[in-house]
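This report refers to the structure that appears directly beneath it.
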Amino acid sequence: MKKILLFLCLIGMVSVHAQTKEELQAQKAEKQAEADAAQKEANAIQAKIDALPGWRTGAFGTIGGSLSNFNNWYAQGTPNNASGNIGFTLNAFANLIEDKFFWRNSLTTNLNWVKLDDKDDPNDDDSFNPTTDVFNLSSLYGRNITKTLAASGLMEYRTTLLDNFNDPGYLDLGIGATWTPITNLVVVIHPLNYNIVFADNDAVFDSSLGAKIVADYTRQLGAVNFKTNFSTFQSYKSGDLSNFTWTNSFSYTLWKMIGVGFDFGLRSNKQEALNYALAQDPPTATGFDDVDNKLQTYYTVGVSYKF
């Protein structure tokens with residue numbers, strides 16, 4: 001009899017526990033629905049704030065790095081070495097949005113250093129040397145014609161900072177129209193644009209008149225920040241002087257302002273490809289006609305920090 005009573009008590013305890021769990025799950029679902037509704041209202045309020053005239057500023061970036069040291073690690077070709085890799089990206093913007101005009105400014109940079117110190121070779125280079133080196137600064141001013149279309153002028157400067165600063169460097173100055181079909185998308189079409197090229201090798205690099213097209217989309221969705229920018233110049237003088245660059249940055253916040261980030265970029269520039277080919281020993285090309293203009297790429301993965 002005692003065993004039967006004990007068994008029944010155990011069943012009752014399990015039943016009470018199950019009911020309590022179901023009640024907690026119901027309470028959780030109710031609170032989650034309230035939180036979702038509150039977040040929806042907050043997003044609507046933020047959309048109204050974003051639509052107000054005035055300045056909008058922001059920045060986010062990615063930091064990646066690693067250090068290693070080996071002593072007498074005979075399984076590898078260089079048993080005694082110290083190596084390292086460090087890099088960071090920064091995406092920042094400062095936009096003034098008014099009822100009749102706008103002024104959009106952005107900065108994108110991606111810098112990376114790497115080293116491999118062979119301790120058994122006293123003549124090797126044991127310093128950090130730059131690898132990825134990207135710098136882009138742009139300023140776009142426009143006067144609104146309609147809600148989504150504006151007459152605009154653009155200044156865009158691209159170069160490297162760590163190695164061969166301003167050699168080459170590209171300065172685009174142009175006028176045309178800017179289309180903003182949605183809040184975070186900006187499309188620039190400037191049929192009158194002069195691409196000024198700064199470089200020591202005048203035989204390869206040449207300035208010219210052409211058309212400039214830029215598409216930029218920058219957005220924050222909760223813990224996710226991302227930016228994609230496509231910029232191309234199409235020369236009226238020669239297709240050999242045309243180029244394009246496409247950069248992308250993503251970051252996901254895991255804790256407070258810290259998260260993970262991923263950046264990658266693509267570029268095609270025949271002038272840069274020819275300049276590199278002529279610098280080889282022996283040269284791998286004699287001119288634009290026989291140069292191998294391979295697609296330039298880079299990527300960075302690491303810890304991200306939201307400013």
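The values are calculated or read from the model by the stated rules, or taken from the named source; none is laboratory data. These numbers come from a predicted model, not from an experiment. Cβ atoms come from the backbone with ideal geometry, glycine included; neighbour counts cover every protein chain shown.
Considered as a group, the residues in segment 69-97 that are free of Cβ contacts under 8 Å to residues at least 12 places away in the same chain and aromatic (Phe, Trp, Tyr) include one that is nearest to residue 300 (Cα to Cα), and that residue is 73. Check whether at least one residue in segment 292-300 is in contact (Cβ under 8 Å) with a residue 12 or more places away in the chain, among the acidic types (Asp, Glu) and either touching a Phe, Trp or Tyr at 6+ places or on another chain (Cβ under 9 Å) or under 24 Å from residue 174 (Cα atoms) (or both), and report yes or no. Taking every residue of segment 292-300 in turn, none turns out to be in contact (Cβ under 8 Å) with a residue 12 or more places away in the chain, among the acidic types (Asp, Glu) and either touching a Phe, Trp or Tyr at 6+ places or on another chain (Cβ under 9 Å) or under 24 Å from residue 174 (Cα atoms) (or both). Among residues of segment 254-295 being surrounded by 13 or more Cβ atoms within 10 Å (Cβ to Cβ) and hydroxyl-bearing (Ser, Thr, Tyr), the one that is farthest from the chain's Cα centre (by Cα) is 284.
For beta carbons closer than 6 Å, sequence separation of 6+ or different chains, a first residue in segment 264-289 that is of a type in the set (D, E, K, R) and a second that is not in a loop (DSSP other than H, G, I, E, B), the qualifying pairs are 267/245; 267/296; 270/240.
For the subset of segment 93-113 comprising residues that are hydrophobic (A, V, I, L, M, F, W, C) and crowded, with 16+ Cβ neighbours inside 10 Å, which member is farthest from residue 169 (Cα to Cα)? Even if it seems obvious, please write down each step before you answer.
Applying the first criterion (hydrophobic (A, V, I, L, M, F, W, C)) to segment 93-113 yields 93-94, 96-97, 101-103, 107, 111, 113.
Then keep just the ones that are crowded, with 16+ Cβ neighbours inside 10 Å; that gives 93, 97, 102, 111, 113.
Numbers: 93: 21, 97: 29, 102: 27, 111: 16, 113: 21 Å.
Filtering first and then ranking leaves 97.
Assess whether residue 47 counts as being under 29 Å from residue 177 (Cβ atoms) and either assigned to a strand (DSSP E or B) or modelled with pLDDT of 85 or more (or both). No, not satisfied. Residues that are part of a loop (DSSP other than H, G, I, E, B), touching a strand residue (DSSP E or B) at 6+ places or on another chain (Cβ under 8 Å) and among the aliphatic types (A, V, I, L, M) within segment 285-307 comprise just one, 295. The residue pairs whose first member lies in segment 117-138 and is under 30 Å from residue 105 (Cα atoms) and modelled with pLDDT of 90 or more, whose second member is in a loop (DSSP other than H, G, I, E, B) and aliphatic (A, V, I, L, M), and whose beta carbons are closer than 8 Å, counting only pairs six or more residues apart or on different chains, are 135/161.
Would you confirm, using the coordinates I've provided, whether residue 249 is within 26 Å of residue 165 (Cβ to Cβ), crowded, with 21+ Cβ neighbours inside 10 Å and small (Gly, Ala, Ser)?
Details: within 26 Å of residue 165 (Cβ to Cβ): yes; crowded, with 21+ Cβ neighbours inside 10 Å: yes; small (Gly, Ala, Ser): yes.
Yes: the conditions hold for residue 249.
From the list 66, 15, which residue is assigned to a helix (DSSP H, G or I), modelled with pLDDT under 80 and of a type outside the set (A, V, I, L, M, F, W, C)? Lay out the reasoning, then the answer.
Values: 66 fails: assigned to a helix (DSSP H, G or I).
Result of the check over 66, 15: 15.
Restricting segment 148-175 to residues that are more than 19 Å from residue 89 (Cα to Cα) and crowded, with 19+ Cβ neighbours inside 10 Å leaves a set whose member that is modelled with the lowest pLDDT is 168.
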